[in-house]
Amino acid sequence: MIATLAASPWSVWAIAAVATAGVIFRPFFWPEFIWAVLGAALLIVLRLMTPADALAGVLKGTDVYLFLIGMMLLAELARQEGLFDWLAAEAAAMAKGSATRLFGLVFAVGTVVTIFLSNDATAVVLTPAVAAVVKAAKVKDPLPYLFICAFIANAASFVLPISNPANLVIYGSHMPPLLQWLPRFALPSLLAILSTFVVLRWTQRAALRERVSVDIEARALTVRGKLAALGIAVTAVALLTASALGLQLGLPTFVAGAATALLVLTRSERGPMAVLKSISWGVLPLVAGLFVLVEALQNTGVTEDLAVLLRDLTQWSAAGTTWIAGAVLAVACNLANNLPAGLVAGRVVQLAAVPDHVRAAVLIGVDLGPNLSVTGSLATILWLTALRRERLLVGAWQFLKLGALVMPPALVLAIAAVFAFG
């Protein structure tokens, strides 16, 4: 097998590139997961990787699958039990007719959700809530508020280790303790969040001149809705605890989501199928397919080659490598999605044994770079899926034009702050 892969690395790269392009551009309007699965299957059919290696790649994503299932269960339960509608009415009332105040409120909530529940949770849990908010407030153009869910999901995703599963991939078993993490990433995160807010607020200023409705119907939160909210809060505590103990996040999230579902459904007339049928399960084969593609790429020896290159660059100039690594990863995530890019980058920095500030810049590139395009991160793909459920569409070009303004200044400020700390 090794000889076959060594003899045809370009075939593996070509298939991975085509599959990734399919995920990005969705030819024939096929769902993203179809292209990732087809690419993985083609590698096996052409004997560019063995079924055993493909299975190994799939199994490496187990923690991510469990995490996503738990979050999707929580989000669907919250939606069905009216938690989002209740939050929408409360938020719209707090805005007191000001679109600017509503924008700031949504941004603040998005920041908190991302920090304590992760960027994927912001996409899955917050997006439908914000859609309900703008509907209740009778906003003419909902996109400025929904854009927040996509951009803050990445901008605030390195405040804590749990804010983005990619953080755990980059550092692996060498995750810094929380008291080391916070000094290293507090200032970069703050600058990235503030920069993102300022640019988003400026670009959406025309839409925020309108008055939003203050005639909001008061909604009572049911017992089941309170239980769903409690489940989300318990999940946040579980994730913080797991992170502090150095444990993986998938199983605690899955257990919290399943337990919340069981508790809510025992008090509901709806059966479990009503919840399960409404979940976007296609994200799981999408992630599995991406893991298989990454496994095939790693078998070509690319990670070892990149590690040598990174080590040489660091010896040439650690400062220059900090900037180069962050910028390259930021762009790479938009070409290949930050999940496979992060998996490769995590292995490369481990092999290269780079200084802390170079590794930090790599992490920022993986976390923040995806704000450039709709396919930069799994969180943004989940956001697009949530928008489709609300019958809202955002084109790749529309997002790219905004992302080209939002992402670069945040990236530059964050890397500068990391370099100054290092």
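Laboratory data are not the source of any read-out in this text; all were calculated from the coordinates shown. If you're wondering where the values come from, they're calculated on a predicted model, not measured in any experiment. Counting neighbours? That spans all protein chains shown, and the Cβs are built from the backbone with ideal geometry, glycine included.
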Please identify, among ALA91, ALA307, ALA56, the residue showing maximal mean-square fluctuation in a Gaussian network model of the chain using a 10 angstrom Cα cutoff.
-> ALA56
Can you work out ³J(HN,Hα) from phi for every residue in region 334-351, in order, using Karplus 6.51 cos²θ - 1.76 cosθ + 1.60 and θ = phi - 60°, giving whole Hz and x for Gly and Pro?
-> 7, 8, 9, 6, 6, 5, x, 4, x, 5, 5, 4, x, 5, 5, 5, 5, 5
Report the local net charge at TYR171: Lys and Arg +1, Asp and Glu -1, summed over other residues whose C-beta lies under 15 Å from its C-beta.
-> 0
Taking the chain as a Gaussian network, Cα atoms linked when under 10 Å apart, which of ALA99, ALA14, ALA330 shows the biggest mean-square fluctuation?
-> ALA14
Projected onto the charge dipole of region 294-403 (unit charges on the beta-carbon of Lys, Arg, Asp and Glu, signs +1, +1, -1, -1), the Cα from GLY342, ALA353, GLY395 with the largest positive-side position is that of GLY395
Out of residues 5 or more away from SER268 or on other chains, whose amide H comes under 5 Å of its own, with H placed 1.01 Å from N in the peptide plane?
-> none
So what are the ³J(HN,Hα) numbers for region 115-124, from phi and the Karplus equation (6.51, -1.76, 1.60; θ = phi - 60°), rounded to whole Hz, Gly and Pro as x?
-> 4, 9, 10, 5, 5, 5, 5, 4, 5, 7
The chain: angle of helix 302-316 to the longest principal axis, Cα-based, in degrees nearest 10 | 90 degrees
So the angle from the long Cα axis of helix 223-244 to the longest Cα principal axis of the chain, reported in degrees to the nearest 10, equals 30 degrees
Note down the magnitude of the dipole of region 6-421 about its Cα centre, charges +1 on Lys and Arg C-beta and -1 on Asp and Glu C-beta and zero elsewhere, to the nearest 20 debye.
-> 1000 debye
At most 14 other Cβ atoms within 10 Å plus a DSSP loop assignment makes a site exposed; report the longest stretch of the chain without any exposed trypsin sites (Lys or Arg not before Pro).
-> 278-390
Using +1 at the Cβ of each Lys and Arg and -1 at the Cβ of each Asp and Glu in the chain, identify which of LEU263, GLY369, VAL45 lies farthest towards the dipole's positive end.
-> LEU263
Globularity ratio of region 1-122, using Cα Rg and 2.2 N^0.38 Å = 1.57
Compactness of region 6-421, expressed as Rg and Dmax over alpha-carbon positions, Å = 20.9, 68
How big is D for region 176-253, in µm² s⁻¹ as a whole number, if Stokes-Einstein is applied with the Kirkwood radius of its Cα pairs at 20 °C and 1.002 mPa s?
-> 126 µm²/s
Calc'd 3J(HN,Hα), region 83-99, phi into Karplus 6.51 cos²θ - 1.76 cosθ + 1.60 (θ = phi - 60°), Hz, glycine/Pro = x, comes to 5, 5, 5, 5, 4, 4, 5, 5, 5, 5, 5, 5, 5, 6, x, 9, 5
